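Here the structure is laid out as structure tokens; the discussion comes afterwards.
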Amino acid sequence: MTDYKTSSDKLNGRAALVAVSKFHPYEAVLEAYEQGARLFGENRVQEMREKFPPKGERPDGMKVFLIGQLQRNKVRKAIEWCDRIESVDSLPLIDKIEKEAAELGITMDVLLEFNSSGEEQKSGFRSEEELLEGAGYILSSCSHVRLKGVMTVGPLGGDDVKNRAAFSKTKALYDRVREIADTVDTLSMGMSADWETALEYGSTEVRIGTAIFGERDYSRK
Ligand SMILES: *Cc1c(COP(=O)(O)O)cnc(C)c1O
């Protein structure tokens, strides 16, 4: 928790902070909340549901975003609980969210994830054209999905030149998406190791885990 204040002070109103609480207990979430954090990120649907109270029963203003890859069979459980899905990466997934949100009578906010580094193991739309097709599909065919923006995870390893190339590409793509949809206001990029660089490229939201909560203990799960 030590760096939380430093991180949020440095952000200085330039971007929203999503505190990524995966692998950390709800007590840590509440501690960050008391210090001013309101937006939280979780990777897995089950962990999110076990950790956070349901929508409507959380402390004032607390929101939870799903930032990890989502399987279609978990969409219902995800949208019942989260305030936004930031990792939408295919047309079939968009379709499924539309269908389940319609059934629940809600509108789900989403970000489309872009695989800006081209790394095989990364999720996200593989090309600008595919992501734009996804955006167009939401606008033309989905009345229960609201397009809020674009998300990316920078290259593994944190090489500065590669980071800048990935963030620059994603910013250009974000600008194109923003041209076609007036609901779009979020460019989510930047994590503990690269958020300062991401801000240089116009990030409006950083997702910070380690720098706020400390190292994750993967043996816990
Ligand atoms: C875990 C995770 C983060 C936070 O990573 P840190 O390096 O701990 O800041 C951000 N975004 C996504 C998609 C993640 O899975």
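The values are calculated or read from the model by the stated rules, or taken from the named source; none is laboratory data. It should be emphasised that the depicted structure is a prediction, and the values quoted were computed from it without experimental measurement. In this analysis, Cβ positions are derived from the backbone assuming ideal geometry, glycine residues included, and neighbour counts consider all displayed protein chains.
General remarks:
- Only one of Glu179, Glu129, Glu215 that is within 21 Å of Phe65 (Cα to Cα), surrounded by fewer than 16 Cβ atoms within 10 Å (Cβ to Cβ) and free of Cβ contacts under 8 Å to residues at least 12 places away in the same chain: Glu215
- Of the helices (runs of 4 or more DSSP H) lying entirely inside the range 104-221, those containing at least 2 residues that are within 15 Å of the ligand (Cβ to nearest atom) and either of a type outside the set (D, E, K, R) or on the phi > 0 side of the Ramachandran plot (or both) span 160-180, 195-200, 210-213.
Rundown of residues vs (1) touching a Cys at 6+ places or on another chain (Cβ under 9 Å); (2) surrounded by 15 or more Cβ atoms within 10 Å (Cβ to Cβ); (3) of a type in the set (D, E, K, R); (4) touching a residue at least 60 places away in the same chain (Cβ under 8 Å), yes/no style:
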| site | (1), (2), (3), (4) |
| --- | --- |
| Ala37 | no, yes, no, yes |
| Arg44 | no, yes, yes, no |
| Met48 | yes, yes, no, no |
| Phe52 | yes, yes, no, no |
| Lys55 | yes, yes, yes, no |
| Met62 | no, yes, no, no |
| Leu93 | no, yes, no, no |
| Lys96 | no, yes, yes, no |
| Ala101 | yes, yes, no, no |
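- Number of residues in the range 1-27 that are in a loop (DSSP other than H, G, I, E, B) and modelled with pLDDT under 75: the value is 5.
- Filtered residue count, the range 84-103, keeping only those that are within 13 Å of His144 (Cα to Cα) and away from the ligand (no atom under 16 Å from the Cβ): 10
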